[in-house]
Structure formats: structure tokens, C-alpha cells
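Take a look at the structure below.
Since every read-out is calculated from the coordinates, none of them should be taken as a lab result. Please read these numbers as outputs of a predicted model, since none were measured by experiment. Reconstructed Cβ throughout: ideal geometry from the backbone, glycine too, with neighbour counts over all protein chains shown.
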Amino acid sequence: MPFIHITMATGRTPEQKRALLAAVADAVHETTGTPRESVRAWITEVDPSAVIAGGVILSDRRK
């Protein structure tokens, strides 16, 4: 039973998060043969002011 933890900055819609989780479950199923109902995936959201990428705080980049 695979466990997939996705950490990303807040700001996505519920629909985007559902689509992401479904795509991850599909990818695991297709690449490993794991039944979709056995795939566990979840999203942890963090405030964009608490993440840096390429030397720039994400909340600053979004302005």
C-alpha cells in the first residue's frame, strides 16, 4: 500500500486538489499495478510566506 505525501503552498482550489490526488493515484496504479483503492495520498498545505524557492519567498513571487 503506497503512501504519497504532497506538500505544497496554499492557493489551489478544491477541484485542483481533487484532480491532483486522482492523477497521483492513477499514476501509482499504472506504474506499479497497485489497486487504486490501496493508494493513500494526501496534501499538506503551507503558507506561501513560509516557503522559499530559488531564493525568493513564494508569497513575494505571487505579488
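So the values come out like this:
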{"read-out": "Condition met for ARG61 (surrounded by 12 or more Cβ atoms within 10 Å (Cβ to Cβ) and either in contact (Cβ under 8 Å) with a residue 40 or more places away in the chain or of a type in the set (D, E, K, R) (or both))", "value": "yes"}
{"read-out": "Residues that are surrounded by 11 or more Cβ atoms within 10 Å (Cβ to Cβ) and farther than 14 Å from ALA9 by Cα, drawn from the range 37-58", "value": "SER38, VAL39, ARG40, ALA41"}
{"read-out": "Filtered residues of the range 37-49 (kept if closer than 27 Å to ASP60 by Cα and within 10 Å of the chain's Cα centre (by Cα))", "value": "TRP42, ILE43, THR44, GLU45"}
{"read-out": "Selected residue [surrounded by 14 or more Cβ atoms within 10 Å (Cβ to Cβ) and more than 10 Å from the chain's Cα centre (by Cα)] from THR34, THR13", "value": "THR34"}
